[in-house]
Amino acid sequence: MHSLTKRSVLGSRSAVRCNSLCVVILCGFTALLGSGAMGPSAAAQDTVRDSAKVEGNFLPREAQGITVEQKLGGMIPLNLPLVDSLGRKVKTGHYLDSKRPTIITLNYSNCPMLCNVQLNRLADSLNKLDLQVGTDFQILTVSIDPKESTERARETKQKYIEQLTNHPSASDGWAFCTAKQPVITKLADVLGFRYRYDARTKEYNHAAMLAFISPEGVISRYSLAIDFPTDQLRLALIEAGEGTVGSPVDQFIQWCYSYDPDSNSYTWHAWRLMRLGGVATIGLVLACLAPYWLGRKGVPTVNGESHLTEQE
């Protein structure tokens, strides 16, 4: 009898400790989930508010209308004729091989500043990326200047390929092409790329853009900045790759994020995290209560009878 009473007391104490532990775990997990899910969203809202300040009449006349309309889900035509840096006639479908994603950029070799800054920083980010240009994904840079020569495109390509010291297949994976004006206009329209030629300065006014294209030619994501954080670049490539790029762990991490077109970045997907957190919380609670439930098997019932039959 004393043995049963002692066991009952110990079981009650274990239950109290277990319940307290569960409460601590639940509170900590809720706080962690709240900070992880809500933090990026607030930052994204601040980004949207800040970007709204530069719209409308605050823009100079030359910059008005120079923007990128994100046409997510649009298809890149596979039959647009291009000329690569070796003078070969190719089509856009040559760079969309149904096996890996492609990054498309619209630039031109004689750009006095923006194109150089954008592509230099892209090359810098690519060197920090473990995914390989030419193996895991491709890059297609098309000149928006119809007068650009093949030789000039080849010089520009060589300039940036030399910077990709960590990508042995970069020469095959990053193409620099020229095209005629109707083709440039068509590709720019499909991508939502709004630019304008300034006859006075003989320069093109345009924005910085990376378009991430799926293996089937679907526009998956955009990057509209001149800085390319490696984690954002990786997430965009994994999503555009539709399972062809990255490990299962990479795919899971990408699942936890969602793309916000307004802030032009990936943020934690609050609802998915809440679902994942709910499953994890249930598992923790069950793990905490299991010892208590198992201990109850030897505790006397209300009628004074034990759930276990003791031998005299």
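The values are calculated or read from the model by the stated rules, or taken from the named source; none is laboratory data. No experiment lies behind these values; they were computed from the predicted model shown. Every residue, glycine among them, receives a Cβ derived from its backbone with ideal geometry; neighbour counts consider all protein chains shown.
Of all the numbered requirements in (1) at pLDDT below 95; (2) over 25 Å from the mean Cα position of the chain (by Cα), D130 misses one, and that requirement is (2). Out of L82, L72, one residue alone is assigned to a strand (DSSP E or B) and in contact (Cβ under 8 Å) with a residue 60 or more places away in the chain. It is L82.
Condition test on V48, is it closer than 30 Å to V218 by Cβ, at pLDDT 95 or above and surrounded by 11 or more Cβ atoms within 10 Å (Cβ to Cβ)? Walk me through how you get there before you give the answer.
Values: closer than 30 Å to V218 by Cβ: yes; at pLDDT 95 or above: no; surrounded by 11 or more Cβ atoms within 10 Å (Cβ to Cβ): yes.
Spelling it out, it is not the case that V48 is closer than 30 Å to V218 by Cβ, at pLDDT 95 or above and surrounded by 11 or more Cβ atoms within 10 Å (Cβ to Cβ).
Identify the residue in the stretch 126-183 that is β-branched (V, I, T) and free of Cβ contacts under 8 Å to residues at least 40 places away in the same chain and, among all such residues, is farthest from T102 (Cα to Cα). Selected residue: T165.
Just to be sure, is V190 β-branched (V, I, T), within 24 Å of the chain's Cα centre (by Cα) and farther than 24 Å from P229 by Cα?
Working: β-branched (V, I, T): yes; within 24 Å of the chain's Cα centre (by Cα): yes; farther than 24 Å from P229 by Cα: yes.
In short, yes.
Of the numbered conditions (1) in contact with a His (Cβ under 7 Å, 6 or more places away or on another chain); (2) at positive phi, Y195 fails exactly one; give the number of that condition. Only one criterion is unmet by Y195, namely (2).
Considering each residue of the stretch 224-242 in turn, at least one proves to be crowded, with 17+ Cβ neighbours inside 10 Å, touching a helix residue (DSSP H, G or I) at 6+ places or on another chain (Cβ under 9 Å) and either among the aromatic types (F, W, Y) or at pLDDT 95 or above (or both). Confirm whether Q138 is assigned to a helix (DSSP H, G or I) and either buried (at least 21 other Cβ atoms within 10 Å of the Cβ) or hydroxyl-bearing (S, T, Y) (or both). Answer is no for this residue.
This table checks each residue for (1) surrounded by fewer than 15 Cβ atoms within 10 Å (Cβ to Cβ); (2) out of contact with any Ser or Thr (no Cβ under 8 Å at 6 or more places or on another chain); (3) in a strand (DSSP E or B).
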residue: N120; (1), (2), (3): yes, yes, no
residue: E155; (1), (2), (3): yes, no, no
residue: P168; (1), (2), (3): yes, yes, no
residue: D172; (1), (2), (3): yes, yes, no
residue: C177; (1), (2), (3): no, no, yes
residue: I184; (1), (2), (3): no, no, no
residue: A188; (1), (2), (3): no, yes, no
residue: Y204; (1), (2), (3): no, yes, yes
